[in-house]
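Reviewing the structure listed below.
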Amino acid sequence: MLLAVAFSLVGLIWSSPLHRYFTTGIPYQVEPQPGIEVVHVSPQDCIQLYYKYWLFSEVLLGNVGLFANPYEFAVPGERGFTGQQFPVSILFALLRPISPIVAYNTIILLSFTACGVFMALLAWPAVRDRWACLLAGLVFCIMPFRLPQLMAGHPNGVSVLFLPLTLAERGSPSAHWR
């Protein structure tokens, strides 16, 4: 639990100024220009990812068919396929009643927590040292690749959190080679 709190605090600091606009806007780049931290109706990748999360919540409400994409690049009689960013979109759907913006920003902040905790848990069997695991989690959650991806709305900024979970698969053949 303490580990999750530590990585959550890292996420709040590392994603600054997100905390100031947590309920009013979604990030569109790592360092927004002063005065335009919140941009309205701007076609960017962050809006695309927000849309994918929103689309899954519409599936759950019964407004859209599963794996359908009737609003984007819609051609009459043709429906596009989308994975709707599952399973991360489940969290968005759960938090959407509070506010869709809060739901999106919560996913961003929790991705720091998840990346750090999951990497620390992956490192534990190999090193059995709390400080080394904390360092592994810290490096993974704030790695330079991740922040620009995350703040620009690229799905891999969030989905990279599943990498340590995939590698930690206990039933995999690699787990028996140690």
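The values are calculated or read from the model by the stated rules, or taken from the named source; none is laboratory data. Not measured: the values here are computed from a predicted model. Cβ placement follows ideal geometry from the backbone for every residue including glycine, while neighbour counts extend to all protein chains displayed. With ligands, DNA and RNA removed, areas are computed over all heavy atoms of the protein, side chains included. Shrake-Rupley method; radii C 1.70, N 1.55, O 1.52, S 1.80 Å.
Computed from the C-beta positions of Ala168 and Tyr51, the FRET efficiency with R₀ = 35 Å rounds to 0.65. Extension gain, Asp129-Met143: 0.36 nm per intervening residue step, less the Cα-Cα distance, totals 3.0 nm. Annotation: extensible slack from Gln44 through Val5 equals 10.9 nm (criterion: 0.36 nm per residue apart, minus Cα-Cα distance).
Per-residue packing, averaged as other Cβ atoms within 10 Å, sorts the ranges 18-29, 116-127 into the order 116-127, 18-29, beginning with the highest. Protein-only accessible surface at a 1.4 angstrom probe places the residues Met1, Met151 in the order Met1, Met151, largest first. Estimated from the Cβ-Cβ distance and a Förster radius of 25 angstrom, the FRET efficiency linking Tyr21 and Glu72 is about 0.50.
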